[in-house]
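See structure below.
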Amino acid sequence: MSALGFLGWAIVAAQVMLGLAMCCATFRLATGPRAQDRILGLDTLYVTAMLMLVTFGIRTGSTLYFEAALVIGLLGFVSTVALAKFLMRGEVIE
Amino acid sequence: MTALGDLPAWAAFLVAFCVLLGAAVTLIGSIGLLRLSNFYARVHAPTLGATLGMVSILLGSAFYFTMLEGRPVVHEILIAVFVTLTTPVTLMLLARAALYRDRTEGSTEVPASEVVEDLIPPGQERPKERMP
Amino acid sequence: MSGILPYPLLSLALLVLWLLLNQSISAGHVILGSVLAVLASWAMAALRPEKPRIRRPGAALRLTGMVVVDILRSNLAVGRIIVRSREPGVNAGFMTIPLDMRSRQGLAVLSIIITSTPGTIWMNYDAAKGTLLLHVLDLVDETVWIRTIKGRYERLLMEIFE
């Protein structure tokens with residue numbers, strides 16, 4: 001097997017692993033048991049989705065995915081902070 | 001579908017190793033999210049993916065594009081910096097929110113209020129009803 | 001320094017951020033980025049934050065290296081707990097640590113270090129008593145954790161910020 005073939009195979013394997021990781025996070029998001037567990041699952045989902053986009057960038061050789069990954073990372077931060085704030089006080093902006 | 005460019009063999013193996021390592025670490029972290037028993041133990045799990053997993057995959061990506069385009073492509077550093085600064089903040093906020101909720105419900109599994117005094121500022125009313 | 005560039009490090013970081021985002025170091029981007037960075041540092045000065053002083057850059061570098069090594073090691077440790085342990089998370093528990101550091105910047109950096117290291121998370125800091133509440137995944141021996149945090153991180157951070 002050539003080195004490039006191995007790289008292609010490795011990236012597909014990495015994407016499968018990241019997909020499984022997203023499944024685990026989605027399971028935690030869906031089952032809870034409490035609201036903070038769901039938010040933790042959502043946060044993990046964001047980070048993993050960001051990494052998945054980076055691997056897509058390697059696979060297609062395009063740097064466009066980088067920007068999408070950056071946006072997902074920042075959106076994930078803002079949304080998790082807002083949700084945690086909501087849990088603590090019952091409102092997002094005091 | 002795959003458009004992998006021309007790379008020397010050692011570079012391809014290095015990128016493959018970085019990406020596989022990062023994905024495996026992230027997967028272990030997410031499995032921890034499933035296997036660990038209560039919320040406070042689960043908070044530790046996503047940090048695996050957000051530290052070693054993230055850095056390893058981004059290193060692989062930066063190295064790949066640097067070799068591919070023949071010039072330094074290091075804008076992955078931006079994602080690394082943002083994630084390193086933001087993930088601890090979200091996890092701390094979330095853990096504090098969970099602690100606050102458990103304490104207002106009078107749970108015995110978290111440290112009592114004399115240890116964590118300033119979670120409820122004076123003059124603020126405690127919520128009475130338990131939320132799901 | 002205080003007139004045009006109130007926060008030289010912040011301005012430099014913003015300029016680097018701009019150049020990295022645009023992936024170019026052409027003269028136009030350098031000028032535009034510099035203007036934006038200076039404007040942003042003026043906006044920051046209008047907020048009047050407490051100005052941090054980094055006293056010992058050498059100690060900061062040493063701390064960074066130490067944190068990177070510790071993050072790698074605790075990644076392995078937490079990964080082993082998750083994969084190998086029959087019932088992961090049985091040893092998890094809360095603990096309190098008395099801290100001597102009072103500098104707010106130092107405490108902020110310490111909180112980020114502790115939380116981004118897998119296996120420990122910063123829960124709460126009691127400013128009146130100076131105690132820190134932590135949650136640790138593998139809480140077998142409390143003295144080990146107290147020694148790690150006080151001896152390894154807090155001492156260096158106090159050298160840097162106080």
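Please treat every number below as a calculation from the coordinates, not as lab data. It should be emphasised that the depicted structure is a prediction, and the values quoted were computed from it without experimental measurement. We place every Cβ from the backbone using ideal geometry, glycine too, and count neighbours over all the protein chains shown.
So what does log10 I(q)/I(0) come out to for the protein assembly as shown at q = 0.06, 0.07, 0.12, 0.13 Å⁻¹, using the Debye formula with one equal point on every Cα and no solvent?
-0.25, -0.35, -1.03, -1.19
Taking chain C as the reference, fit the longest principal axis to its C-alpha atoms, fit the long axis of helix C:8-22 to the helix C-alpha atoms, and give the angle between the two in degrees, 0 to 90, nearest 10.
With rounding to tens, the tilt is 90 degrees.
According to the Cα gyration tensor, what semi-axes, each the square root of 5 times an eigenvalue, does the equivalent ellipsoid of segment A:3-89 have, listed from largest to smallest in whole Å?
Semi-axes, largest first: 29, 16, 5 Å.
Can you work out the base-10 log of I(q)/I(0) for segment C:45-98 at q = 0.18, 0.22, 0.23, 0.30 1/Å, using the Debye formula on its C-alpha atoms alone?
Those come out to -0.85, -0.94, -0.96, -1.07, one per q.
Taking a quarter of the surface of the Cα convex hull of chain C, what do you get in nm²?
For the Cα atoms of chain C, the hull's average projected area reads 12.4 nm².
Mind sorting C:Thr64, B:Thr90, B:Thr47 by how few other Cβ atoms lie within 10 Å of their own Cβ, fewest first?
So the residues, fewest neighbours to most, are C:Thr64, B:Thr90, B:Thr47.
I'd like the Kirkwood hydrodynamic radius of segment C:8-47, using the inverse of the mean 1/r over distinct C-alpha pairs, in Å.
One decimal place: 10.0 Å for the Kirkwood radius.
Under the √(5λ) rule applied to the eigenvalues of the Cα gyration tensor, what semi-axes describe the equivalent ellipsoid of segment C:71-162? Give them in Å, descending.
25, 14, 10
Based solely on C-alpha atoms, express the radius of gyration and the Dmax of segment B:10-104 in angstrom.
Final numbers for Rg and Dmax: 16.5, 58 Å.
Taking Cα centroids, how far is segment B:78-114 from segment C:118-159 in Å?
Here the answer is 15 Å between Cα centres.
Report, to the nearest 10°, how far helix A:3-31 tilts away from the longest principal axis of the Cα atoms in chain A, using its own Cα long axis and a range of 0 to 90°.
20
In degrees between 0 and 90, to the nearest 10, how far off the longest principal axis of chain C does helix C:57-84 point, with axes built from Cα atoms?
Tilt of helix C:57-84: around 40 degrees.
Quick one: dipole size for segment C:57-161, taken about the Cα centre, charges +1 on Lys/Arg Cβ and -1 on Asp/Glu Cβ, in debye to the nearest 20.
In debye, rounded to 20, segment C:57-161 gives about 180.
Among C:Ile146, C:Gly119, C:Ser34, whose Cα projects farthest towards the positive end of the dipole of chain C, with charges put on the beta-carbon of Lys, Arg (+1) and Asp, Glu (-1)?
C:Ser34
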